[in-house]
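Reviewing the structure listed below.
Every number in this text was worked out from the coordinates using simple rules, so none of it is lab data. In this text the structure is predicted, and so the values were computed from the model without any measurement. Every residue, glycine among them, receives a Cβ derived from its backbone with ideal geometry; neighbour counts consider all protein chains shown.
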Amino acid sequence: MDRREIAALLAYIGRLDPRTIRTDPGEVRDQLAQWHELLGDVPMATPHGWDARVAARQHVRLSAYQILPADIGRPWEKYRRDRLGRHSDPTPSVDPDDQAAWTAELVGTRRAVALGIAQPVQARGITSGRSGADPDPELEARLREVGSCIPSAARAALAPWRTARVAREAAVAQGRLDPLSVRCEWCQAQPGEPCSRRRVGADGGARGNAPLASPHPSRLDLAAAQQDQAASQPAMA
């Protein structure tokens with residue numbers, strides 16, 4: 001707020017609480033200088049929800065104490081923090097190799113959001129058909145083209161560190177048994193997770209879980225039983 005806006009704000013507050021009115025010219029000048037020094041970076045109003053007069057009226061309505069510049073500054077800082085907390089930086093439109101322009105656009109967007117000039121940009125959630133939202137046709141076409149959301153080159157590079165996953169994918173591709181589709185009753189591994197070697201200490205507590213490249217025999221038996229049951233249901237029908 002500039003000095004004219006500060007004067008208008010003080011006049012408005014004086015109508016609500018006559019205790020803030022100053023009649024001596026020197027006191028008026030000092031009060032105006034003090035409020036301008038403390039609230040010079042606070043806008044009178046923004047297009048998106050902030051109004052210093054609303055903050056002043058709220059204080060006069062709820063507090064028995066005479067209003068101070070801090071009673072305007074605190075709500076303003078809370079307003080800024082709330083907006084920035086709800087903001088997710090959108091991807092700048094400039095060339096990402098131009099670091100200065102990239103940073104400048106990010107800073108400019110954040111500043112506009114904090115000052116109430118622009119609305120916060122919220123991150124878009126990932127949706128799927130199971131949640132009721134229609135799938136993106138372009139995304140489905142792209143997935144059908146590549147076959148997976150993980151590029152084949154990256155999948156091959158990760159294979160030495162994903163032995164259990166690689167074995168499972170190979171089994172599924174060949175129509176063979178997928179033991180990781182069921183929960184392991186021995187090590188308590190959940191569906192989709194590899195079995196682990198449970199080391200038990202002298203006190204009976206677990207000391208570590210080392211992942212295994214192959215599942216426990218009991219898990220293999222359970223997966224085979226469920227596969228046989230699923231195969232027999234169409235024949236019975």
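Go through 96-106, 35-45 and give me the packing order, highest mean Cβ count within 10 Å leading. Please report the intermediate quantities before stating the final value.
Values: 96-106: 12.1, 35-45: 15.8.
Ranking, from highest mean packing down: 35-45, 96-106.
At a Förster radius of 35 Å, what calculated FRET efficiency corresponds to the Cβ-Cβ distance of Ala230 and Ile150, to the nearest 0.05? Walk me through the intermediate numbers first.
Details: r = 28 Å, r/R0 = 0.79.
The calculated FRET efficiency here is 0.80.
What distance in nm separates the two pseudo spin-label positions at Ser218 and Arg4, each 7 Å out from Cα along the beta-carbon direction?
That separation, rounded to one decimal, is 8.2 nm.
Where a ≥ b ≥ c are the square roots of the eigenvalues of the C-alpha gyration tensor, would you call the range 3-85 rounded, which needs a/c under 1.5, or, failing that, prolate if a/b is larger than b/c, or oblate?
On the way: a/c = 2.14, a/b = 1.55, b/c = 1.38.
Because a/c hits 1.5 or more and a/b exceeds b/c, the range 3-85 counts as prolate.
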